[in-house]
Amino acid sequence: MQTPFSIERYSGDFADLLDLLQMSMGLESLDGVQHLLAVEKARGTRYYVATRSGRAIGLVGVWFDPSGAVTELEPPQVIDLAVLPAHRRQGVASALIELAVRETQAAGFGRLWLYTNGNDIGVLTFYRTLGFRLAAAVPDWFGEGSVKAILRLDFEEQAD
């Protein structure tokens, strides 16, 4: 039996999360990861970390404009999601996404967006089971032959 995990808003040293952030961002360069993290922190992205036995095992970044001046170009969205391989398929990612949904709903928004690798059927299936729907696909976004899948979750539809 696995030890339970907990999720809390992260306020520690982000250097401790670089492995998870690198997984989520899909970048080889730690400099690139640190740059994107600095951008997200500067615009107010909130990071939450799942821990088990004192160790970070997963994270989610969720962004929305708390002023309410959200445009269609910058809607509330999941920025990063990653779970260490040894802790996958144990409900960690689902719990992190559910927290992002609750935070977005609590801020008064009715929809949450995310962008992911549209070539990964497992990832798309995971988000589909959580209620996300494909809104658009952008070819060659991550390089030739890749697809950026733009997914959205309408909270009103979850109640049905």
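The values are calculated or read from the model by the stated rules, or taken from the named source; none is laboratory data. Source: prediction; values computed, not measured. No Cβ is skipped: glycine too gets one built from the backbone with ideal geometry, and neighbour counts run over all protein chains shown.
How many of the residues making up region 131-160 are in contact with a Ser or Thr (Cβ under 7 Å, 6 or more places away or on another chain) and surrounded by 15 or more Cβ atoms within 10 Å (Cβ to Cβ)?
2
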### Query
If you check Ala137 against the conditions, is it among the hydrophobic types (A, V, I, L, M, F, W, C) and in contact with a Phe, Trp or Tyr (Cβ under 9 Å, 6 or more places away or on another chain)?
no
### Message
Given the criteria modelled with pLDDT under 95 and either small (Gly, Ala, Ser) or within 21 Å of Met23 (Cα to Cα) (or both), does Ala95 qualify?
### Response
no
### Query
What do you reckon, is Thr125 under 21 Å from Met25 (Cβ atoms) and not hydrophobic (A, V, I, L, M, F, W, C)?
no
### Query
Scanning for something at pLDDT below 90 and of a type in the set (Phe, Trp, Tyr), does region 134-144 turn up at least one residue?
yes
### Query
Any idea how many residues of region 1-46 are of a type in the set (A, V, I, L, M) and free of Cβ contacts under 8 Å to residues at least 24 places away in the same chain?
11
### Query
Give me the pairs: first residue in region 124-146 and on the phi > 0 side of the Ramachandran plot, second residue not in a strand (DSSP E or B) and not hydrophobic (A, V, I, L, M, F, W, C), beta-carbon distance under 8 Å, and six or more apart or on different chains, which are they?
Gly131/Glu157; Gly131/Gln158; Asp140/Ser146; Gly145/Asn119
### Query
So which helices (runs of 4 or more DSSP H) stay within region 5-119 end to end and still have 2 or more residues that are hydroxyl-bearing (Ser, Thr, Tyr) and either surrounded by 13 or more Cβ atoms within 10 Å (Cβ to Cβ) or more than 15 Å from the chain's Cα centre (by Cα) (or both)?
92-106
